[in-house]
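To start, the structure under review is shown below, and the notes come after it.
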Protein chains: 2
Amino acid sequence: MRIAYQGVTGAYSEAAALRLNASADLMSCLSFEDVFAAVGKRKATHGILPIENTIGGTIHRNYDLLLEHEFPIVGEIKLAVVHHLIVNRGTTLEQIKRVYSHPQGLAQCERFLRRLKGVEIVATYDTAGSAKMIKEEQLMDSAAIASERAAHNFGLQVLQSGVQDHAHNMTRFLIVAQEETPLGPPDKTTIVFRLSNEAGALFKALSVFALRDIDLTKLESRPIPDRPFEYLFYADLSANPEEFRCARALMHLAEFAPSLKTLGSYPAWKEPELPAAS
Amino acid sequence: MRIAYQGVTGAYSEAAALRLNASADLMSCLSFEDVFAAVGKRKATHGILPIENTIGGTIHRNYDLLLEHEFPIVGEIKLAVVHHLIVNRGTTLEQIKRVYSHPQGLAQCERFLRRLKGVEIVATYDTAGSAKMIKEEQLMDSAAIASERAAHNFGLQVLQSGVQDHAHNMTRFLIVAQEETPLGPPDKTTIVFRLSNEAGALFKALSVFALRDIDLTKLESRPIPDRPFEYLFYADLSANPEEFRCARALMHLAEFAPSLKTLGSYPAWKEPELPAAS
């Protein structure tokens, strides 16, 4: 298993990939597009992509890319995100003039950052990449917000731990692959559909699942270019499409949805059980 | 009427404010937060905020801020967005090494930008602000993506017009105010509600509207911090809450939604009719 992820070593996507498979071979990519390209060109067997964070919300761009590239979703993983304020050795809190991180990282530490007076907040493409940069450029008046692993990897110092605003900060990642082989028995399905622009259309779409007791765990809409104010809906269903009721629900939706596509069927993430205390 | 908007002169928010009321007094703000603050401190009577773009999607941050600040929505406006590649006089396409704009502006011109080989794309806080910067710093190897108005205001040159990827590029803006006085007879209502985490909850919520023939023109979800993987739903209803069926629908929803709030009732935007050709 060779997993492509966006970011440099120390990125949360890398941590998620290692949590999925500690012995996997990892491949760092510059952008989400590059993760898809790595899978497409068979440089990686799998790609891992953040899809939503419990504070920052959905990473909508990745829904767009999932549809564009048509690789099946074969798994998901949830990872607790703990942000740290990271500096070059010797830099004190008072010396910090600038804080670098990815916009989602910055958004998740908003209250903490607001308390740092007179500090400029700079958005970058990457949490761990920000740590790498302050190291490489030996910036003694700057800090990065990134993982503890990023601090260790780049020989930086954690000045303050757990600087995120909310204790429960989790990111859910999707795993895509070239081959449609789920990473376990599938009990979750992601679909995308378009509805005709008429009153009650979404209600009708949800009814095909609700009336069959199929739970919808997430619903997200995205605009359709060149169809102003019409939307594509991405939905997560707690079901396997091979189940009779799910297969029938999808057929039912296809009766009136102008487009419907299954993006993948995969095992919903279950936290590994902790070994019992002895 | 004094309208606060985010950006510098030439920003699309400014154009939207002027389209709403050509004789309004305008107030430039650094951030969306500052727009709310301007209304809160009575420095402006109204604030204008982009809420969704037909290519880039929803500006989710503004939903969060709407809920946080509790100013009523009193109107909306839709504006066609036309992006231009803007440079200092004398700069040619071949000389451009860097293109600056707001991430949404960049996303809307993605295909165009991809064709510019060897050019670095730099995300900034502002479309018009990027134009201002290349002027002030006299950057002869850089371009901004912004409005024609921004080019004129800063004495810059439009090198290429209409560089957005899609012809139909519209942004919808919301107008907030201190006073709950809609800008016309209200026929649209925005609500936000939370649902208990149980199967079929969203279907049940939509049914209170669908069964009363109330159209839902938009549904958006946002995460709830400290309630991992639970969501707040923002919905636009084609109805006035003073209508009997809408009032009853909201009462019905409140029976089972742990929280429900009306963010405002206002006139849905109608394109002004063009004067007949003579």
The one condition B:Phe173 fails out of (1) touching a helix residue (DSSP H, G or I) at 6+ places or on another chain (Cβ under 9 Å); (2) over 30 Å from B:Ala4 (Cα atoms) is (2)
Pick from B:Ile145, B:Ile96: which is under 29 Å from B:Leu18 (Cα atoms), modelled with pLDDT of 95 or more and aliphatic (A, V, I, L, M)?
-> B:Ile145
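Mind listing just one residue for me: the one in the range B:79-105 that is in a loop (DSSP other than H, G, I, E, B) and among the charged types (D, E, K, R) and, of those, surrounded by the most Cβ atoms within 10 Å (Cβ to Cβ)?
Of the range B:79-105, the ones in a loop (DSSP other than H, G, I, E, B) are B:81-83, B:88-92, B:96-97, B:102.
Subsequent filtering for residues that are among the charged types (D, E, K, R) retains B:89, B:97.
Details: B:Arg89: 10, B:Lys97: 13.
This residue is B:Lys97.
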Which condition does B:Glu76 not pass, out of (1) within 14 Å of chain A (Cβ to nearest Cβ); (2) in a loop (DSSP other than H, G, I, E, B); (3) not β-branched (Val, Ile, Thr), if it passes all the others?
-> (2)
Within the range A:95-103, is there a residue that is farther than 30 Å from B:Tyr100 by Cβ and either assigned by TED's automatic domain parsing to the domain that holds A:Ser28 or without any contact (Cβ under 8 Å) to a residue 60 or more places away in the chain (or both)?
-> no
Having 3 or more residues that are within 25 Å of A:Cys246 (Cα to Cα) and at pLDDT below 95 is the bar; report the strands (runs of 3 or more DSSP E) wholly within the range A:157-230 that clear it.
-> A:216-224
Qualifying positions in the range A:106-123 - without any contact (Cβ under 8 Å) to a residue 40 or more places away in the chain and outside any helix (DSSP H, G or I) = A:Leu116, A:Lys117, A:Gly118, A:Val119, A:Glu120, A:Ile121, A:Val122, A:Ala123
Just need a number here: residues in the range B:15-44 that are in a helix (DSSP H, G or I), at pLDDT 95 or above and of a type in the set (D, E, K, R).
-> 1
Would you confirm whether any residue within the range B:124-146 is farther than 29 Å from B:Ala38 by Cα and not in a loop (DSSP other than H, G, I, E, B)?
-> yes
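In the list A:Ala235, A:Ala201, A:Ala177, which residue meets the criterion of being among the small types (Gly, Ala, Ser) and away from every other protein chain (no Cβ under 14 Å)? If you could, list the steps in order and put the result at the bottom.
Numbers: A:Ala235 fails: away from every other protein chain (no Cβ under 14 Å); A:Ala201 fails: away from every other protein chain (no Cβ under 14 Å).
Being among the small types (Gly, Ala, Ser) and away from every other protein chain (no Cβ under 14 Å) holds for just one of A:Ala235, A:Ala201, A:Ala177, which is A:Ala177.
Taking the range A:45-60 as the search range and keeping residues that are more than 14 Å from every other protein chain (Cβ to nearest Cβ) and part of a strand (DSSP E or B), which one is surrounded by the most Cβ atoms within 10 Å (Cβ to Cβ)? Before you say what the answer is, go through the steps one by one.
Let us first name the residues in the range A:45-60 that are more than 14 Å from every other protein chain (Cβ to nearest Cβ), namely A:45-49.
Imposing the further condition that a residue be part of a strand (DSSP E or B) reduces the set to A:46-49.
Working: A:His46: 26, A:Gly47: 31, A:Ile48: 28, A:Leu49: 24.
Restricting to residues being more than 14 Å from every other protein chain (Cβ to nearest Cβ) and part of a strand (DSSP E or B), the top hit is A:Gly47.
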Output the residue which, of all residues in the range B:45-69 that are at pLDDT 95 or above and of a type outside the set (A, V, I, L, M), is farthest from A:Ile59 (Cα to Cα).
-> B:Thr45
Breaking point among (1) more than 13 Å from chain A (Cβ to nearest Cβ); (2) crowded, with 18+ Cβ neighbours inside 10 Å; (3) part of a helix (DSSP H, G or I), for B:Tyr63 | (1)
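Condition check ((1) on the phi > 0 side of the Ramachandran plot; (2) acidic (Asp, Glu); (3) within 14 Å of chain A (Cβ to nearest Cβ)) across all residues:
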residue	(1), (2), (3)
B:Glu137	no, yes, no
B:Ser147	no, no, no
B:Gln160	no, no, no
B:Asp165	no, yes, yes
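The values are calculated or read from the model by the stated rules, or taken from the named source; none is laboratory data. Only a predicted model underlies this, so the values are computations on that prediction, with no experimental measurement involved. Backbone-built Cβ (ideal geometry, glycine too); neighbour counts: all protein chains shown.
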